[in-house]
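To start, the structure itself, in structure tokens.
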There are 4 protein chains.
Amino acid sequence: VPDYGMLVPGIGDGDPDDVVVVKALVRAEVAWVEATADEGIAEAVATHAARILADELRVDTLTRAIAIDAVTTGNPVFGIINALREGLPSEAAAAIHRDLTSQDIVDTAMMLTMRDAADLTVASLDRVCASLAALALEHRDVPVLAHTLGQAALPTTFGARVAGWLHGIDEARRALAVAAHELPVAMGGAVGAMHGVSYEQMRRWAELLDLRPPIAPWHVHRHPVTRIAGAFSEVCTELGATAGDVLAGARPEVGELKEPSAEGRGASTAMPFKANPILSILMRRSALVAPHLLAQTAAAAALAVDERPDGAWHTEWDAARGLARHAVISSRCAAQLAEGLIFDRAAAARNLAAHGPADATTGNAGEVVDAIIARYEQGR
Amino acid sequence: VPDYGMLVPGIGDGDPDDVVVVKALVRAEVAWVEATADEGIAEAVATHAARILADELRVDTLTRAIAIDAVTTGNPVFGIINALREGLPSEAAAAIHRDLTSQDIVDTAMMLTMRDAADLTVASLDRVCASLAALALEHRDVPVLAHTLGQAALPTTFGARVAGWLHGIDEARRALAVAAHELPVAMGGAVGAMHGVSYEQMRRWAELLDLRPPIAPWHVHRHPVTRIAGAFSEVCTELGATAGDVLAGARPEVGELKEPSAEGRGASTAMPFKANPILSILMRRSALVAPHLLAQTAAAAALAVDERPDGAWHTEWDAARGLARHAVISSRCAAQLAEGLIFDRAAAARNLAAHGPADATTGNAGEVVDAIIARYEQGR
Amino acid sequence: VPDYGMLVPGIGDGDPDDVVVVKALVRAEVAWVEATADEGIAEAVATHAARILADELRVDTLTRAIAIDAVTTGNPVFGIINALREGLPSEAAAAIHRDLTSQDIVDTAMMLTMRDAADLTVASLDRVCASLAALALEHRDVPVLAHTLGQAALPTTFGARVAGWLHGIDEARRALAVAAHELPVAMGGAVGAMHGVSYEQMRRWAELLDLRPPIAPWHVHRHPVTRIAGAFSEVCTELGATAGDVLAGARPEVGELKEPSAEGRGASTAMPFKANPILSILMRRSALVAPHLLAQTAAAAALAVDERPDGAWHTEWDAARGLARHAVISSRCAAQLAEGLIFDRAAAARNLAAHGPADATTGNAGEVVDAIIARYEQGR
Amino acid sequence: VPDYGMLVPGIGDGDPDDVVVVKALVRAEVAWVEATADEGIAEAVATHAARILADELRVDTLTRAIAIDAVTTGNPVFGIINALREGLPSEAAAAIHRDLTSQDIVDTAMMLTMRDAADLTVASLDRVCASLAALALEHRDVPVLAHTLGQAALPTTFGARVAGWLHGIDEARRALAVAAHELPVAMGGAVGAMHGVSYEQMRRWAELLDLRPPIAPWHVHRHPVTRIAGAFSEVCTELGATAGDVLAGARPEVGELKEPSAEGRGASTAMPFKANPILSILMRRSALVAPHLLAQTAAAAALAVDERPDGAWHTEWDAARGLARHAVISSRCAAQLAEGLIFDRAAAARNLAAHGPADATTGNAGEVVDAIIARYEQGR
């Protein structure tokens, strides 16, 4: 039952897939031993786990086995524990997962996965923002036809349009960077009453994983999930709005924008003369997916009942991972797009002359550009 | 075409309805005149507007007329402008809406509406949190049966369960209070290039309305909307999760919890012996609605193209207002619920004895309660 | 707390609003008496109810009162019963709502509301289809530039594009017409076990209301709701896809399409030279809203537990009504659009010459038109 | 980048995964050659393709390669064509994909995938319905406590409750079976104008694939997708509502229902005494996911613009596949559940005695059972 991402074009190695989650599950379990067992045992477990993780094929096989077996208990933790314990002396084996519940490990591993995906995303967005800032400054005062409600409106400048993209993306980038560094470990024990575990252990565990110690267990209080989901969604939707503008500017009758070309990119099976703006299309795709995944995480929060919910929790994993994945993909496409976007100034002038209102100025477009760039510079 | 909220039980006077939005539209227009025209004109306009707003029947009639006419231009601004200008000297009339675009006014009025709804919500949540904190402390160490995945688990304490509710709601309350005070005015002019308007005017306008001056126009960069939407959604979903626990505890076979009773509340047309837990049901209802409204605002952000989008913007108003409305309603129900919730300690003891594992402790439930209360106290 | 639809431009009198639902609630109650009580009582009740309904102001006041009171029991049925019983002799009063539960009445009234809204929608869609069929035939062989993935592709004909619109809309129209005539009465009694009511009464009631007698009570089996929701959603989304094409064709750089003009329609407060394509914008708006409302009804079905659910049911009413409302509005806009859409053949020829591939034919576009028209003709 | 379904527990071999889609893509391409090329070439292509498909490892490797490469063109078709053409004589190679566009193949392969998943689902639902029918008859007249709005209501019978489950599931099963056999091939050519292809070829292709020939190309008229999505969603939500009832009945304080046990199933890492009702939890999980995926397909339909849309189409694949997958998984869990569900009649009697209203009957519960069984029998 493998999915290679064929129906979600753009997925690459290192993006949050099942193998990445398995590695995060292992990291979480190992750090727990380091936070709670004595040094010798911790070292034995860490060495054992490192050996497993170093063997890509073994991890792949393990992941597949765990996935198929997850139907038995409804989550992958038994499989991880068994794989980690196998071949270890019994004392070390017993230290693994001691006093934890599966939700502690799944939620913590998901937070690690979110954090790493956020780092990947922010790195791509850094490139996007730098390119857009340069582009906005270069064309700060170049008039273009604006459109409101699809119709010709007063002119703006190309710089102001690009600065607008920068503004939205930069704010989303900042929010994601902040959210990614507020992600907590999950540490509630069997029923969120911390049976057998202590705040002190929680703090040590969090430190080892570079996550935050939470105020309290959050088995059924899911703002850690919905907030990072909101941040990923904002990245996706803001990039999608930008992609929408690129797609509109690249339509043949407009002809003001062109995606950077690359071997084979955007080819058509039926029409060899075409070069489809595939980066923008994938960005827009991700933006149209994100709202539904975000809703899924919010609905899971709404139904987080009892001391661990009876189904809602299980809906969160693939949705949160999906948001992270789309943010990674979309921001990677966006970096390629922003670094190579081609603006046809002559076409813009032609369109403005043909359709713009006579004698209109570009207002205070330049000041808008300057304000956005200043904000961006201050937050680099 | 009036909706009185019959299909969304719980709506009350002052909640964000069409009349509230009309008043916000008027406030936004009047403050703009105050920010940009000379004092005499500003006073004339303000007096004129105050007279309109003071007449509830007139506002009601105006709202209905504007609503029906909104199909002509797709938004209510023309109707507001005409109503404000009517009967004013021409110089004062001309100062109204000068250099603004309808999106400036609609978005700013929506921000005012969100802010006021957030204030109402936070006030209710203050009551909820105070009651839950007292309840958690009172029952800090009273053991109850916990449930994970619907089944009997290790015991927790009733205090820890209630503290968990407090934790989720308190965090949502704080996030909403913060978000509500970051809401910006919308000030982009015709195409977001600030034709005829200045940052200086934007700052004065924002100050008069107690909103923030934004970095840049956000006609097509919608994080101000999606973020406050996220905050309202978190309130609704967290209250809904709490309601779910109350509903489970109030089932006849469990019998640990009971909603406070009131004349006629929760009556049944077919079964006079029933008293339905209607506060919790309405809270849960709002929690199940919120994710879809949140998705709507995110989808609108994804499609915010050009200098003003061709349909996506129009989907945002009712969705954002719906989220605000559900947060107001749900938090008001929650205040009544939290202030009167009845816990049957004997029933809890019976259930625990019958179904709990033998010789089990409540772990560190007390410490969890203390940590949550400490956090709550520090943020009051 | 009145909403006049100000934030959902396009709502008109007779569209499914609270007053329409109140009238449906009354019709359902009266028909129940007619189906179950003796003739004299039935006549007394019917006369009494007709008097109430004839007084628009009274219905309006009643609706408002019921709406505000609905918070007490969570639904509007008590209010309806009290209003109907007031002033009636006790025997007649007792016949009202006898053996029914509030869900029987709310669900049945919602079905009536859906049915009537479907009839309104289908009537508008008949106009849409007739106009599009004529337009498609008129331009059956007129070549236009096609776009795939936003880029210039092989040519099609304007007739084929319009026939495509017709195809999608005609299929949605047929599906809605079928679904609207499968809508059942809801007749389960207190717990879906038909306490005190019989299949025979159910059949008589259904016949009086021109609804179907269901196989069984559907208090917690919600396909009657999700299916009609799906049919309304399909109408909205198909009209929205058409609107998207009109908006693209009406962009200034393309200039092939123009909405029919009307006094004030599409005016801009900031740019008097503009005429916004507001019909298409509202259609697209409704299409972007529908998926989220559809999801709401499906989520309600997923959570339809026990013999009546504890919150999910309450989320359905406004969502289902919203879908009906958007279908009514969008199809009305579409009728105006389709009857007046202006195609600029010269502009189309210019665009094709400038951007189309050389020497390309329009394929079998004509045959596609003919197949679609044939299907349409057969189903009129 | 492999996903093995670890975050969507329940996935099994043969469920709609990337490999299944690749096989469907190959079947679609091969059948097209059979429908359009001469016999010798068709045979050569079919033999070649059969050899590829027979080698599971090769298909797996191919799928992975195509998935990674899909970012280049935005869909997997180039990869399929290249794999099929490699090693074939040029005339046979040229017959592959002749005159088709990638959307023809992707959409047709998705329809095959949907159809096969529907067949799997219906087969499981046949088992579910047969078991529930027997269970309903067995307990036709056994009184149980009913709950409305979470509270004790009049009694119903266990048979009536089970018959209700049967009713919802049986109707969903019928609707899916009908929808699955209305699925069309997609045959529009480059721009939906059937360049180079004919209705006659379409009919032959459809016949070879056991799909329907559509009225017209549906590149941008997506009811074939949204309707089958709606049918899968109904299966998921109806099964989820049933699962909700099982979960409520299995709570320790109620104790009326128990899932069938199996080695290791429902085990807990922290609490060895637990046996979690994992079948119901996974069914409920799928029901909570389905509405959001359904919304995704509707949103894609709303944005299906031009002759092929610029992003919306790309959102459909994973959403439609997800719905199919959840229906397959959930119905498989349901078959296991229905065939082994344990009803504790004594517990039910105890609960009814303790909480039911005195002297109450079970109404016409038996007649409801009979009506549902009659309908089921007639549609087997």
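Readers should treat all values here as calculations from the given coordinates under stated rules, not as data from a laboratory. Keep in mind that what you see is a predicted model, and the values were worked out from it rather than measured. Glycine gets a Cβ as well: all are built from the backbone with ideal geometry, and neighbour counts include every protein chain shown.
Remark on the range B:160-260: Rg and Dmax equal 20.6, 68 Å (Cα only).
Applying the criteria of a DSSP loop state and at most 12 other Cβ atoms within 10 Å to the chymotrypsin sites (Phe, Trp or Tyr not before Pro) of the range C:243-332 yields C:273. Each other copy holds its own label point for residue C:374; taking that point as 7 Å from Cα along Cα to Cβ, the gaps run 4.3, 6.9, 7.9 nm, nearest first.
What does the structure give for B:260-272 when I average, per residue, the other chain Cβ atoms found within 10 Å of the residue Cβ?
Partner Cβ neighbours, averaged per residue: 6.
Determine how many Å³ per residue the convex hull of the Cα atoms of the protein assembly as shown encloses. Measuring per residue, one finds 160 Å³ for the Cα hull of the protein assembly as shown. The range D:40-109: Rg/Rh from Cα coordinates, Kirkwood Rh? Rg/Rh for the range D:40-109 comes to 0.96.
Take each residue of peptide C:29-37, count the partner chain Cβ atoms within 10 Å of its Cβ, and average: the result is 0. So, in Å, what gap is there between the alpha-carbon centers of the range A:171-196 and the range C:232-273? Cα centroid to Cα centroid, the span is 46 Å. Each Lys and Arg contributes +1 and each Asp and Glu -1, all at the Cβ; summed about the Cα centre of the protein assembly as shown, the dipole is approximately 0 debye.
Residue C:58 label point (Cα plus 7 Å toward Cβ) to equivalent points in the other copies: 3.2, 8.2, 8.4 nm, shortest first. Note: relative contact order over the range A:4-83, using C-alpha pairs below 8 Å and six or more positions apart, is 27 percent. Under the simplified labelling scheme, the residue A:58-residue A:346 pair shows an inter-label distance of 6.3 nm, with each label point 7 Å from Cα along Cα→Cβ.
When peptides D:336-345, B:119-128, D:144-153 are ranked by their average number of other Cβ atoms within 10 Å per residue, the highest-first order is D:144-153, B:119-128, D:336-345. Using a Debye calculation, one point per C-alpha and no hydration shell, please list log10 I(q)/I(0) for the range B:44-164 at q = 0.10, 0.19 Å⁻¹ in order. Rounded to two decimals, the profile gives -0.57, -1.13.
Each label point was placed 7 Å from the Cα along the Cα-to-Cβ direction; for residue A:178 and residue C:127 their separation is 5.0 nm. Against the empirical curve 2.2 N^0.38 Å, the C-alpha radius of gyration of the range C:259-365 lands at a ratio of 1.66.
Normalising by the residue count of the range D:218-314, find the relative contact order in percent from Cα pairs under 8 Å and 6+ residues apart.
About 41 percent, as a whole number.
From the largest down, chain C spans 82, 46, 36 angstrom on the principal axes of its Cα atoms. Using only side-chain charges placed at the Cβ, +1 for Lys and Arg and -1 for Asp and Glu, the dipole size of chain D relative to its Cα centre rounds to 940 debye. log10 I(q)/I(0), Debye, Cα-only the range B:1-76, no solvent, q = 0.23 Å⁻¹? The calculated log intensity ratios at q = 0.23 Å⁻¹ are -1.11. Its Cα centre serving as origin, the range B:46-92 has a Cβ charge dipole (Lys and Arg +1, Asp and Glu -1) of approximately 20 debye.
By Cβ position, the chain A residue that hugs the axis carrying A onto C most closely, with its distance in whole Å, is A:253, 2.
What GluC sites (Glu not before Pro) in the range A:244-287 are in a loop by DSSP, with at most 14 other Cβ atoms within 10 Å of the Cβ? When the GluC sites (Glu not before Pro) of the range A:244-287 are filtered for loop state and at most 14 Cβ neighbours within 10 Å, A:263 remain.
State, as an integer percentage, the relative contact order of chain A based on alpha-carbon contacts under 8 Å between residues 6 or more apart. That works out to 22 percent. Peptide packing for A:350-363, B:47-60, B:220-233 was compared via the average number of neighbouring C-beta atoms within 10 Å per residue; ordered from the highest value, the list is B:220-233, A:350-363, B:47-60. Think of chain A as a dipole: +1 on every Lys or Arg Cβ, -1 on every Asp or Glu Cβ, centred on the Cα centre; then among A:113, A:260, A:186, A:260 lies furthest on the positive end.
Look at the dipole of chain B built from charges on Cβ: of B:236, B:97, B:165, the Cα furthest out on the positive end belongs to B:165. Peptides B:99-108, C:29-38, D:27-36, D:300-309 ranked from most to least packed by the mean count of surrounding Cβ atoms within 10 Å: D:300-309, B:99-108, D:27-36, C:29-38. Taken over the range C:232-322, the percentage of Cα pairs per 5 Å bin, counting from 0 up to the bin with the maximum distance, is 3, 13, 17, 16, 13, 10, 9, 7, 6, 4, 2, 1. Each part gets one Cα centre, and for the range D:206-226 versus the range D:59-127 those centres are 16 Å apart.
Taking the helices alone, chain D has a mean residue ellipticity at 222 nm of -22000 deg cm²/dmol, built from -39,500 (n - 2.57) per DSSP H run of at least 4 residues and averaged over all its residues. Take the alpha carbon atoms of the range B:305-358, find their center, do the same for the range C:307-380, and report the distance between the two centers in whole angstrom. Each part reduced to its Cα centre gives a spacing of 38 Å.
Each Cα pair of the range A:107-193 feeds into the Kirkwood radius, which the Stokes-Einstein equation turns, at 4 °C and 1.567 mPa s, into a diffusion coefficient of 83 µm²/s. With label points defined 7 Å past Cα in the direction of Cβ, position residue D:90 shows copy-to-copy spacings of 7.3, 8.1, 10.1 nm, given to one decimal and shortest first.
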